[in-house]
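Inspection log for the structure reproduced underneath, given as C-alpha cells.
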Amino acid sequence: METGVKKLYEVMFLIDSAEAAKDWDGIIELVTKMLNKIDAQIVSLKKWDERPLAYPIKRVSRGTYILAYFKADGLKIHELERDVLLSERVMRALILRVEHLTEEDIIKQATAAAHAPAAPVAADDTTVAQNEPEAAGTEVADNPEQQV
C-alpha cells in the first residue's frame, strides 16, 4: 500500500507543569515517540510556554505547552490523536495543518528565537487597544460595586 504525500502540521501539546518540571526528558521522549510512531519527520520541537490554565483540567491549574512542527502523512494523524487521548501524561493536544508556513520559515523562526535576547516583560501592561470603539450600549464601571 502506498502512503500519501507528507504535509506540514503543527501540534501543541499541553502537559502538567509539575510533571514537566519533574521529568522534562521523559516528556520530550514521549512526544518524540508519538511522532515517530506515525513516521513523522520532526521539523521543530520546543517548549513554548508555561501558563496558568483558564480552568482546571484533572485538578491541574498550570500547564506547560510544547510546540512541534512535523511532516506526516495525513492519513496517520488520527493515530496521533488516538495516542494523545490514551496518554496519561498529555492533558490536551491540538493538531493543525500548516498552510501559511514553509519548512524553511519554521527553521528560520527557531534559529532566530534561539539567538534573540528575551524581551523584558512590563509589570503593568497597558497596551490594550484604546482605539477600539466600545460595544453599543455597554458601559463598564471603574468600581465593581457600581456594575449592574
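Every number in this text was worked out from the coordinates using simple rules, so none of it is lab data. The structure displayed is predicted, hence computed values, not measured ones. Note that we place each Cβ from the backbone using ideal geometry, even for glycine, and neighbour counts take in every protein chain shown.
Rounded, prolate or oblate: which fits the range 6-115, taking a ≥ b ≥ c as square roots of the Cα gyration tensor eigenvalues, rounded meaning a/c under 1.5, else prolate when a/b beats b/c?
Oblate shape, in that a/c is at least 1.5 and b/c is the bigger or equal ratio.
In a simple Cβ point-charge model (Lys, Arg +1; Asp, Glu -1; nothing else charged), the range 6-115 has a dipole of about 220 debye relative to its Cα centre.
Residues Tyr69, Tyr9, arranged from fewest to most other Cβ atoms within 10 angstrom of their Cβ, appear as Tyr9, Tyr69.
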